[in-house]
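First up is the structure itself, then whatever we jot down about it.
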Amino acid sequence: TQLLEQSPQFLSIQEGENLTVYCNSSSVFSSLQWYRQEPGEGPVLLVTVVTGGEVKKLKRLTFQFGDARKDSSLHITAAQPGDTGLYLCADDSNAGNNRKLIWGLGTSLAVNP
Amino acid sequence: EAQVTQNPRYLITVTGKKLTVTCSQNMNHEYMSWYRQDPGLGLRQIYYSMNVEVTDKGDVPEGYKVSRKEKRNFPLILESPSPNQTSLYFCASSFPGRPNTEAFFGQGTRLTVV
């Protein structure tokens, strides 16, 4: 059974700081998705990475996919209070007929003004 | 606006009283699924549906039922709720068989069973 580990579990920083969170898998990802979940809401897709070594940028967010496709990182530059939320990584396993997402437990980020 | 709508958002009920959580999507997605989210356990799939009248169990189906009579709706049924079903529930939809496409989630239903 594939396990996704995210670190750190909790992170509290001041506005303007940079941060990196990580997602590691016990097996190779089919494709990796990063979601952000705000309090009281469902997860919202940020990015999908597929190719080993891939780097994608979304404004102040930079996503990297490891060469071996077993790890990924999310770097936020100059964090803002609006970045507060739970950051989840998921493997889009697309197993047979079941497009099941396998989830990490997430990194809970608090950005303080 | 593309969306997945769940109702109710919050529900407190008593053990054994049947309840239904509704889910509706307006994106013509074939694939829909239900997840529950619990502290320390994350998001776990309960049931999924590939299309109308096609449903199957996910990882934690015990105590739940679903139906898919129409493409847009995928209700979650708890015939006899128990306290261990207290959780945050999410419905999701997407296009099946297309890798790397976005899954859209509802806003969640927070269920408490006392």
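The values are calculated or read from the model by the stated rules, or taken from the named source; none is laboratory data. Since the structure is predicted, the reported quantities are computational estimates derived from the model, not experimental observations. Glycine gets a Cβ as well: all are built from the backbone with ideal geometry, and neighbour counts include every protein chain shown. Note: areas computed on protein heavy atoms with side chains; ligands, DNA, RNA excluded. Shrake-Rupley method; radii C 1.70, N 1.55, O 1.52, S 1.80 Å.
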*Let me know the charge dipole size of the stretch B:60-114 about its Cα centre in debye, to the nearest 20, where only the beta-carbon of Lys, Arg (+1) and Asp, Glu (-1) is charged.*
220
*Dipole magnitude of chain B about its Cα centre, charges +1 at Lys/Arg Cβ and -1 at Asp/Glu Cβ only, in debye to the nearest 20?*
240
*asked:* Given a 1.4 Å probe and heavy atoms of the protein chains only, how would you sort A:Glu5, B:Glu30, A:Glu17, largest accessible area at the top?
replied: A:Glu5, A:Glu17, B:Glu30
*Could you check which residue among B:Asn51, B:Asn84, B:Asn26 shows the biggest mean-square fluctuation in a GNM of chain B with a 10 Å Cα cutoff?*
B:Asn84
_Can you tally the net charge around B:Lys65? Count Lys and Arg as +1, Asp and Glu as -1, for every other residue whose Cβ sits under 12 Å from the Cβ of B:Lys65._
+1
*Take every DSSP beta bridge with both residues inside the protein assembly as shown and express the antiparallel ones as a percent of the total, to the nearest 5.*
90
*Directionally averaged shadow of the stretch B:1-73, computed from the convex hull of its alpha-carbon atoms, nm²*: 5.7
*asked:* How big is the dipole moment of the protein assembly as shown about its Cα centre under a simple scheme where the beta carbon of each Lys and Arg is +1, that of each Asp and Glu is -1, and everything else is neutral? Debye, nearest 20, please.
replied: 520
*Of B:Phe90, B:Phe104, B:Phe74, which has the largest mean-square fluctuation in a 10 Å C-alpha GNM of chain B?*
B:Phe104
*Do the alpha carbons of any pairs in B:Lys18/B:Lys65; A:Lys100/B:Lys69; A:Lys100/B:Lys57 sit beyond 18 Å of each other, and which pairs?*
A:Lys100/B:Lys69
*Which is farthest toward the positive dipole end of the stretch B:18-83 among B:Tyr64, B:Tyr47, B:Leu76, measuring Cα position about the Cα centre, with Cβ charges +1 (Lys, Arg) and -1 (Asp, Glu)?*
B:Leu76
*asked:* With N set to the number of residues, divide the alpha-carbon radius of gyration of the stretch A:31-113 by 2.2 N^0.38 Å and report two decimals.
replied: 1.12
*What FRET efficiency would be calculated for the residue pair B:Lys71, A:Val28, taking the C-beta separation as r and a Förster radius of 41 Å, to the nearest 0.05?*
0.75
_Can you tell me which of A:Leu32, A:Leu46, A:Leu58 moves the most in a GNM of chain A? Springs connect C-alpha atoms under 10 Å apart._
A:Leu58
*Using a cut-off of 12 Å between beta-carbons, work out the net charge of the residues near A:Leu86 (Lys and Arg +1, Asp and Glu -1, A:Leu86 not included).*
-2
_Within 11 Å, Cβ to Cβ, of B:Glu79, how many net charges do the neighbouring residues add up to if Lys/Arg are +1 and Asp/Glu are -1?_
+3
*Peptide B:102-111: average number of partner chain Cβ atoms within 10 Å per residue?*
4
*Percent relative contact order of chain A, based on C-alpha pairs within less than 8 angstrom and at least six residues apart?*
35
*At q = 0.18, 0.20 Å⁻¹, work out log10 I(q)/I(0) for the stretch B:48-89 with the Debye formula, treating every Cα as an identical point scatterer and leaving solvent out; two decimals please.*
-0.55, -0.66
*Computed FRET value (nearest 0.05) for A:Ser7 with B:Asp56, which takes r as the C-beta separation and R₀ as 35 Å*: 0.60
*Name the residue farthest towards the positive end of the dipole of the protein assembly as shown from the options A:Phe65, B:Phe104, B:Leu19, assuming +1 on Cβ of Lys and Arg, -1 on Cβ of Asp and Glu, about the Cα centre.*
B:Leu19
*Hey, rough spin-label estimate for A:His75 and A:Val50, points 7 angstrom out along Cα→Cβ, what's it come to in nanometres?*
2.5
